[in-house]
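Input: a single structure, listed below in structure tokens.
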Amino acid sequence: MTSPTDSDVTLIGLGLMGKALAGALLGAGHRTTVWNRTAAKAEELVAQGALLADSADSAVTASPVIITCVSDYASLQQVLTPVADGLGGRVLVNLTSGDSAQAQEMARWTEKQGGIYLDGAIMAVPPTIGTAAAVILLSGPESAFTTHQSTFDALGTTAYLGEDHGLSALYDVAGLSMMWGVLNAWLHGVALLGTAGVNASTYTPFAAQIAQETVGWLAGYADQVDSATYPPDDATLDTHAGGMTHLIEESERLGVNAEMPRLFKALVDRAIAAGQGGSSYPVLVEQFAQPRATSR
Ligand SMILES: NC(=O)c1ccc[n+]([C@@H]2O[C@H](COP(=O)([O-])OP(=O)(O)OC[C@H]3O[C@@H](n4cnc5c(N)ncnc54)[C@H](OP(=O)(O)O)[C@@H]3O)[C@@H](O)[C@H]2O)c1
């Protein structure tokens, strides 16, 4: 057997995502050790050259970098707690989905074992892993990221977000909010147009154009949020409120669910009640930046 190198990597968890990650590491020429609770899932990877560890313990101690990808943090603890001693001096890169508090707790736990922790979020589906289309967010100690970046780059396009271990999970959930915001707005429009016999495929090019135009406003609006100044260069919140009323009334008249525009309007009404009707739309961040929207 050849001696261990810094580019050796262990992959724990060979579900749909873990298998894709291991396949990409093998494809990039890394000596890859794999372990999965159900060993049979490793067969295909072993045929491609992966080394099958006979226990979680030997998987952890086989490589300087251990990538984990199991269902959730409870499963992760079940796998790692009995083999915690082996983490000393190694880099644990956890790509299991979770929230920022779980990531920070996992970092503290790993550091107690003498290990280094990077937390990651995979913004991709398994078939894209190993291509530039797979975006992998990582946060934690920068030195660990830069030392092993070439290993991570085998998985897709990696983005290092900062030292706070919770950042990957926060970006992940913020991305989900963006995704569902766009999808729900599109579906509401599909339902509205459906009442006039317009099918989704006919409506969608128009919807996509509006979405792209709106995305174009974000960078300028971000400057407003960052400077906490909201000059009404385009439209005031009062004007938006008028448009929202039309959307609610039209939805109700046509028998289409109006819960989503009613929520938008409730937030805007509170900001207007707080004296912000003459400001531009991003002033609404003040309603989002607290547990419950309130009027001051
Ligand atoms: N699939 C995606 O598109 C996608 C995208 C982004 C992020 N992710 C994240 O990636 C992670 C894995 O997803 P997946 O799609 O690979 O799920 P999956 O196919 O259901 O695989 C789950 C993996 O976790 C292991 N596992 C579960 N409980 C365990 C336990 N108690 N002890 C040991 N191992 C345990 C399973 O082992 P067994 O084989 O023995 O059951 C399996 O390897 C999740 O956190 C998911 O949110 C997935």
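The values are calculated or read from the model by the stated rules, or taken from the named source; none is laboratory data. These numbers come from a predicted model, not from an experiment. We place every Cβ from the backbone using ideal geometry, glycine too, and count neighbours over all the protein chains shown. Just so you know, the surface numbers come from the protein's heavy atoms only, side chains and all, with ligands and any DNA or RNA stripped out. Shrake-Rupley method; radii C 1.70, N 1.55, O 1.52, S 1.80 Å.
Points worth noting:
- Taken per residue, the accessible surface of the chain reaches 52 Å², heavy atoms only and a 1.4 Å probe.
- The orientation-averaged projected area of the convex hull spanned by the Cα atoms of the stretch 9-164 comes to 7.7 nm².
- Relative contact order of the stretch 146-279, pairs being alpha-carbon contacts under 8 Å that are 6 or more residues apart, as %: 20 percent
- All Cα-Cα separations within the chain were binned at 5 Å from zero, giving a P(r) of 1, 5, 10, 13, 14, 11, 9, 9, 9, 8, 6, 4, 2, 0, 0, each value a whole percent of the pairs.
- Arg292, Arg108, Arg90, ranked by accessible area, largest first (probe 1.4 Å): Arg292, Arg108, Arg90
- Model label points for Thr204 and Val285, set 7 angstrom from Cα along the Cα-to-Cβ axis, are 3.3 nm apart.
- C-alpha center-to-center spacing [the stretch 136-169, the stretch 17-63] in angstrom: 21 Å
- Projected over every direction and averaged, the convex hull enclosing the alpha-carbon atoms of the stretch 195-288 yields 6.8 nm².
- Solvent-accessible area, 1.4 Å probe, carbon plus sulfur percent, for the stretch 102-221: 64 percent
- Largest accessible area first, the listed residues Asp233, Asp238 line up as Asp233, Asp238 when surface is computed with a 1.4 Å probe on the assembled protein chains.
- Take the Cβ atoms of Glu252 and Ala74, set R0 to 45 Å, and the FRET efficiency comes out at 0.55.
- Span-like helix criteria (full DSSP H runs; alpha carbon extent of at least 15 Å along the helix axis; mean Kyte-Doolittle hydropathy of at least -0.5) are satisfied in the chain by 16-27, 167-194, 200-227, 237-254, 259-273.
- Area accessible to solvent at Leu118, 1.4 Å probe radius, in Å²: 0 Å²
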